[in-house]
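The values are calculated or read from the model by the stated rules, or taken from the named source; none is laboratory data. Since the structure is predicted, the reported quantities are computational estimates derived from the model, not experimental observations. Glycine also receives a Cβ, built like all others from the backbone with ideal geometry; neighbour counts cover every protein chain displayed.
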Amino acid sequence: MLKSFSWPDFLLAASVFSLFWFLVIGLLFYRKEVFGLLSGSKADAEPLPHGWQNEVDEFVENSSTDDLMGKSALDDGVALVSAEDFSFVDKTEQLGLVADVQEEVKSICSILEKEDGGKEYFLSLFALVKGKYPAVASSPALSAINAFIREHVPFFLSEEELDSLWV
C-alpha cells in the first residue's frame with residue numbers, strides 16, 4: 001500500500017497538514033497577533049524598558065532580604081576574631097628555640113657533672129642561657145622546658161625556683 005505513494009505526494013500531504021496545524025495553533029493561542037498581522041495594523045504591545053530609560057527601577061540591595069532566611073551561620077569550629085586577638089607564630093622558630101634551650105641545659109648539666117657543681121653554680125650558668133634566650137619566658141613551651149630542666153639537673157628544683165629562673 002505504501003508503494004503507491006510517491007515522494008512528491010508525501011511532501012505535499014506533510015506540507016498541507018503542517019500548514020493546517022500552524023493555523024489552528026495560531027488561531028487558538030495568537031489570535032490578536034494573527035488578526036493584527038492580517039489587518040495590517042501594528043500590535044498594541046509596548047516594548048520592554050531598557051536600562052538607560054527612566055522607567056526601569058534600580059536594583060537596590062535591601063537588608064530585609066537577609067531577614068527572610070536569617071543571617072548565615074559560621075561553620076563548626078570557626079570564630080570571628082579581631083586583628084588584635086591573633087598573631088602568626090612561626091612554629092619552626094618556636095621548636096628551634098625549645099631545642100636550643102634544651103641543648104644549652106644539657107651542656108650546663110655536663111659541665112656540672114665534670115666540675116661537681118651545685119645549685120648555685122647552675123644558677124650562675126643558667127643566667128647566661130636566660131640572657132641568650134629571653135623569648136622563652138613568654139613562650140607557651142615554658143612548662144615543657146621547665147620539666148626538661150627538672151629531669152636533667154642532678155639536684156631538686158622546686159616550682160618557685162624553676163619560675164624564678166626565667167624572671
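Summary of values
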{"item": "Selection count, the range 143-160, where residues are assigned to a helix (DSSP H, G or I), surrounded by fewer than 17 Cβ atoms within 10 Å (Cβ to Cβ) and free of Cβ contacts under 8 Å to residues at least 24 places away in the same chain", "result": "6"}
{"item": "Hits in the range 113-142 (condition: touching a residue at least 12 places away in the same chain (Cβ under 8 Å), over 47 Å from the mean Cα position of the chain (by Cα) and assigned to a helix (DSSP H, G or I))", "result": "Glu113, Lys119, Phe122, Leu123, Leu125"}
{"item": "Residue match in the range 91-98 (condition: more than 18 Å from Glu159 (Cα to Cα) and modelled with pLDDT of 80 or more)", "result": "yes"}
{"item": "Of all residues in the range 110-142 being hydroxyl-bearing (Ser, Thr, Tyr) and at pLDDT 85 or above, the one that is surrounded by the most Cβ atoms within 10 Å (Cβ to Cβ)", "result": "Tyr121"}
{"item": "Residue ID - modelled with the highest pLDDT, chosen from residues in the range 1-18 that are aliphatic (A, V, I, L, M) and loosely packed, with under 10 Cβ neighbours inside 10 Å", "result": "Leu2"}
